[in-house]
Structure formats: C-alpha cells, structure tokens
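The values are calculated or read from the model by the stated rules, or taken from the named source; none is laboratory data. Since the structure is predicted, the reported quantities are computational estimates derived from the model, not experimental observations. All Cβ positions, glycine included, derive from the backbone under ideal geometry; neighbour counts span all protein chains shown. Side chains are part of the model used for accessible areas, which takes the heavy atoms of the whole protein and leaves out ligands, DNA and RNA. Shrake-Rupley method; radii C 1.70, N 1.55, O 1.52, S 1.80 Å.
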Amino acid sequence: LLERASVRLVKHFTRIEARPSVRGGGARVARRFRESGDPFHEDGAPLENALDELFDTLVEPGLEVSSPTNFGAIPSGGLITAAIADLLASATNRFTAIAPSAPPLAELERAVVRTFASWLGMPDGAGGVLTSGGSLANLYAFVAAREANAGALERGVVYTSEEAHHSVLRGARVSGIPAERVRLLPVDASFRLVAPALARAVDDDRARGLLPFLVVANGGTTNTGAVDPLADVSAIARRERLWLHIDAAYGGFFALTARGSEALRGIHEADSVTLDPHKSLFLPFGTGALVVRDPRALERAFGMRGEYLPAASRDAYELCDLSPELSREARGLRVWLPLRVHGVARFRRALDEAHDLACEAARAIAAIEDLEVADSPALSLFAFRIRPERAVSWARAPDVDRINRLFLRALQRRGRVMLTGTRTSRGFFLRVCILSPRTKRKHIDLLLTEVRDTLATVARAMREDAT
Ligand SMILES: Cc1ncc(COP(=O)(O)O)c(C=O)c1O
C-alpha cells in the first residue's frame, strides 16, 4: 500500500515545478463530487481506485500552494520530509498530551519549541506549544495575557496596528475582549505601527479608567510584510506593564538569518510570539507555534485535568496543561524530521534567498514607470500598485483601487504566476510573497515579464476605453 501511495506522491512532487500554480476546473469537480452522493461503500474499494480519484481528480485543480510561481497570500509547504514525518506520527500514533504515555516524544516537542525560542533570542526557560496554525497561536496568546491581568475581561484594552491580521481581531473577540476595546493604531508610510501613537493611546485609556493590558505588534504583516518597530514597542510595553505579543506568523523564522534578525530587532523581548512553521519553515499546513517567555503563563490559562488523567509529572512537558487541546498528533515530528535531515543551515539559506529574490523583484517593479512599491521588503513580501497619478490619467472615470483590481485580475487570468491583492489603509495593492524554497531567479524573471506585459495590456485597454 505504502509503495503504491509513494509512487503517486513522488510523481506529484516532481510535477509541482513544471505545472502552473493555479489549475482551473475546481468548482466543476467539487460540484460533481458533491452531487455524486455518499462517497463510501459498504464493502470498501481498492486502494488503486482511491488513489486515482485523489491524484487525478480531487487534488488536481486549485492552487498549488508550494509552487515556485505562487507569490500569492502566503505560500506554504513543499518538504516531503515533513509528509514522511506525518506518516510516521500517524502510524506510530503516540499520545503526547501527557508526558508519561510518550516521554521522549513529549520531550522532543518541548525541544522543538525551545529551539524556536532560542532562534528568537529568548532566554532559557522560554517555551510554548505547537498549534495547528497562527490563528490559534494568536488566540492562545490573548487568553494567556488576559489571565495574567486581573480585570482584563471587564476593562482590558488591546493595542495593535490597523494592518494586523484578522486573526488578531478574532483572538480578541473569542477571548472576550469586545471590538470597542481593541485600538487599531495608525501606521506610518511604511505601514509600521507608530510607537508614540501607542504611548498616547495607552495614556488616554488609563485616563478614562480603562486597563491597557496587551499590545500585539507585527513581525511581518500579511498585507505588505511590514515589521513594526519592535524594540520601541517593547520599551513602551515594559514601561506601561503591557503584555507584548508579536504576531510573527509569517516573518518569525527570518530571525534565523542575519538580515532577518536585524529587521526583527527586539522580538526577543516579547512575552509571546506567534510563529508559523507552515509559512517560513516551508512545512505543510497545520503547523503553528506559540512561544512564550514564561510557560507558566500557559499553565495558568489552560491547566486543568480530569480525574481520569494522571497527575502532572514534575519537570516533564505536559502538553495538555498548555493549551485547550488534549488528544492530538505528535506534532513535533513534522518539525523535527525536516530540521534533522536538511539541517538548520539549509533553512537559513532558503530564507536568505527568498529575501534576496524579493528585494530584486521589488527593485525591478519599482523601476517600471507606471508602478510604485509600497516599501522595500523587510523580509520576503512586498506590495505594489499602479501609481495613482498614472491610473488617473488613463481612465475616463478613474477609481485607482478599481484599476488596480483589474490589473490583478488580468494577471491572474493569464495564469502563469499567482499573485493576490489586499486593501491596506492606503488603498488596494497587489502583493508578492516569496516563500517557496522552489522559487528561483527564473521564476522572478517570469513574474516581471507577466507584470510588464499585463500592465501594458491594461493601460492600452484603459486608454482606448477613455477615448
Ligand atoms: C501575520 C499573520 N498572522 C496570522 C496568520 C494566521 O495564521 P494561520 O493561517 O496559520 O492560522 C497569518 C496567515 O496568513 C498571518 O500572515
């Protein structure tokens, strides 16, 4: 069975390079699947049939997230070693939630999270948990910060920038902090939180009898890749006794590189940091992490045991006390195996390469007369758009955002590279995120050709339409 599945998998992986990042027909296949009724039979079906259905039909259409020409949203995954680790974890099926049932594997997971903490420069004793992704890590941070601050539920105020990921806002809502007590602070021209505005907002709220307790800074925004001034924010957080959480779901692992750790300067001072190995460690979806300066904060937030569970063992890594999860896969293995096999230096080089390629692409796009780049990439993500003054000169009824949306749709329709767009506080931008270890210079060349050709077509069509 394994052999037959691996033959398909190897074929799948080798084709990622050659195929377009997006393949159409997904809605049709999904409809057919839905309409074909109950997919299961009383007596089962041969594996070969299931593999045919999976590889020829079900996984065929849609976005190839780890494709070298996927520059949209946040690319993810691509390492077959992580898939092998998942197979091993499922097949051996160890229960890591309580340490005594799988002591070494529980320890392995603790080692993974401690390693992440050390990469960020956090002190010994920092720890945390692996989650299924950044959204849950952000939510856990909210709960931990709330539990560490008596009165937060009733009067607590949270500060973040207007560029924060929506999971931060959801984290507030789900942890009981209403939207009226979440301050979305303004950003500067580089989309970075303005530290003095944070200090002023905290003062104002204290004067109104509220309880400022948490600031969430960005270690690489989803919109434009901006990194907030973490050291400045940290100084304010310390002075004002706020819990500092840094959402570095996208950007955190760039701390492995010299330039990344410079961009993320100050990250080690956080009380908690969200990291997504399924983003900047190229692992498959379902791998997030919350790193905390003091793991006892997670115990205080989540620690609770039924009578049917053994008491916590001293000094062991008792996962069930650190998050709301109990039964779950041995998640550490899918981080451990790729890092063991490929070595940390390979990841560092891949991240440096992603940064270099992003800088090159941003420079080339900025050199195109009609385009402007929001800011040069701090990590591997940047945003750009048609210059408002150019867009205005092309169309009869100029709506800059609409023209940029048209530009994006035209690029997507050509189907040779995948880009996505976003609405920022300054309007609509297209985004380029380089985060597949398969992306090389030739893919950037293709991206640039596509951008130039599409721009020429859109500009021509607009001008013709206006005359
Ligand atoms: C900055 C940031 N935070 C949080 C998240 C949410 O992470 P996840 O999709 O792993 O839940 C994302 C996802 O793109 C992100 O970019």
Within the range 314-338, residues touching a Ser or Thr at 6+ places or on another chain (Cβ under 8 Å) and not in a loop (DSSP other than H, G, I, E, B) come out as Leu319, Arg334, Val335, Leu337, Pro338
Within the range 151-161, how many residues turn out to be open to solvent by 10 Å² or more (accessible area, probe 1.4 Å) and touching a strand residue (DSSP E or B) at 6+ places or on another chain (Cβ under 9 Å)?
3
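For Asp203, are the conditions met, namely being open to solvent by 20 Å² or more (accessible area, probe 1.4 Å), among the acidic types (Asp, Glu), part of a helix (DSSP H, G or I) and farther than 29 Å from Leu435 by Cβ?
In short, yes.
Out of everything in the range 39-69 that is in contact with a strand residue (DSSP E or B) (Cβ under 8 Å, 6 or more places away or on another chain) and closer than 17 Å to Thr14 by Cβ, what residue ends up being modelled with the lowest pLDDT?
Glu60
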Would it be correct to say that Ala459 is surrounded by 23 or more Cβ atoms within 10 Å (Cβ to Cβ), aliphatic (A, V, I, L, M) and touching a strand residue (DSSP E or B) at 6+ places or on another chain (Cβ under 9 Å)?
no
Residue check, Arg413 within 27 Å of Tyr250 (Cβ to Cβ), basic (Lys, Arg), part of a helix (DSSP H, G or I) and at pLDDT 95 or above:
yes
Qualifying positions in the range 89-140 - open to solvent by 60 Å² or more (accessible area, probe 1.4 Å) and aliphatic (A, V, I, L, M)
Ala91, Leu136
Take the residues in the range 162-184 that are open to solvent by less than 30 Å² (accessible area, probe 1.4 Å) and within 11 Å of the ligand (Cβ to nearest atom); name whichever of them is farthest from Ala248 (Cα to Cα).
Gly171
Of all residues in the range 51-84, which are surrounded by fewer than 21 Cβ atoms within 10 Å (Cβ to Cβ), assigned to a loop (DSSP other than H, G, I, E, B) and away from the ligand (no atom under 16 Å from the Cβ)?
Val59, Glu60, Pro61
